[in-house]
Ligand code: AMP
């Protein structure tokens, strides 16, 4: 996942404004990554950077924003896909290029040929200090031939494979880049004289910016005092926005390629009610991500919507905790169940996805412990059977419960009275897209670019790390 933002202020702007805007836009993207956060800012000469482990609100102080200053800034909030969760891998990363000075980069996605590219660069003597694919991307750009950043980007980017929405800051320009399929979102906004780019539209709204347009798949957008200019176009012959952005990753307050995430999740719930009806007394969501889907299910089925689980907003996503044991405990830590709503009731519980299958069992148990007489699990996406190589930390294939078990075995495993998954067609139609415009590989195994199936999150970790 990861959230990225970029700000370009015209010359006359308040010099702390860019870092401040980056900070508040990152706040709105906290759901995309909670491991570390960072901002790099420039005043047109120097690059300054603050990055630490933790949540956006914990990472930056008022003093940091003052020190960062800058007319232009980029920001990043991290959820690791390649490279472990440690400070060296936090972003933005800064590299120095011969003749052109410093470049800071923030990356959302996963560069699947990073290992090969890194080997090639290491053979030429390029030192690597992290296990992150982002450093490989930064060095690919920095070490390319070319008199300008535009030239180097144009040469380096076609060599990258996979998913990469990027924000890149140099002392003289901000760049916003999307991979040729447009797997991860990125949009452009305007606030007064400032230009903003962000992973999601919700970040623009948070700071009072107006949505201008999505950065197009394969587009390299350069922004400076002359405004945004598209300097290169590497678009593929098809599009491939990650459908899981609609299912889970993106905020319900965002629009993806013009489609409201809230509305697409409501439609998923409605279709789920058509595909998997069952007699029951209440429909409840697993908060927060499944709330609109449960609203849609309830509306279509005519069964009342109630809140039966209350999420503690101050506990992060359970998925982030590393061991299955901790993850299991995380469910009880994270939700309180409401006896009043559940006691004596046949309950339909709607969740957005089942990944490893370690959350659903404890949820079913919790509902029964609070009096539910029947628990019917409904899931707003098809079974996840294939690993994601494009920026979602979904576990290895063997850890995905649906890659090992059929639906009936999963039902028994989680202890539900019935289990219904949304069909692929139902999910795709709900997003307003078609299978030809979306990446659905985690459900179908249909990867849009060839992948090495053994590629792991720590694939760059085993490399000798040079100082
Ligand atoms: P699991 O126990 O692995 O089946 O977790 C499924 C739950 O985690 C669902 O309730 C989802 O809302 C949530 N989830 C799905 N995908 C992810 C992800 N990539 N990162 C964090 N949480 C996720």
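Each reported figure results from applying straightforward, stated rules to the coordinates on display, with no laboratory input. This one's a predicted model, so the numbers in the text were calculated from it and none came from an experiment. In this analysis, Cβ positions are derived from the backbone assuming ideal geometry, glycine residues included, and neighbour counts consider all displayed protein chains.
Averaging 1/r across all pairs of distinct Cα atoms in the chain and inverting the result yields a Kirkwood radius of 22.6 Å.
When DSSP beta bridges are restricted to pairs lying wholly in the chain, around 80% turn out antiparallel.
Whole-percent P(r), the range 245-444, all Cα pairs, 10 Å bins from 0: 9, 37, 40, 13, 0. A crude spin-label estimate for the pair residue 63 and residue 147, with each label 7 Å from Cα along the Cβ direction, gives 4.5 nm. Packing, taken as the mean count of other beta carbons within 10 Å per residue, orders the peptides 300-312, 276-288 from highest to lowest as 276-288, 300-312. As a rough guide to protection, the peptides 359-370, 188-199, 60-71, 168-179 ranked by mean Cβ packing within 10 Å, highest first, stand as 168-179, 188-199, 359-370, 60-71.
The range 61-79 and the range 332-388 have Cα centres separated by 39 Å.
Report, in degrees rounded to the nearest 10, the 0 to 90 angle that the Cα long axis of helix 114-123 makes with the longest principal axis of the chain. Approximately 30 degrees, to the nearest 10. Pairs of Cα atoms nearer than 8 Å and 6+ residues apart set the relative contact order; for the chain it is 14 percent. Take the convex hull of the alpha carbons in the range 3-238; its mean projected area over all directions comes to 11.2 nm².
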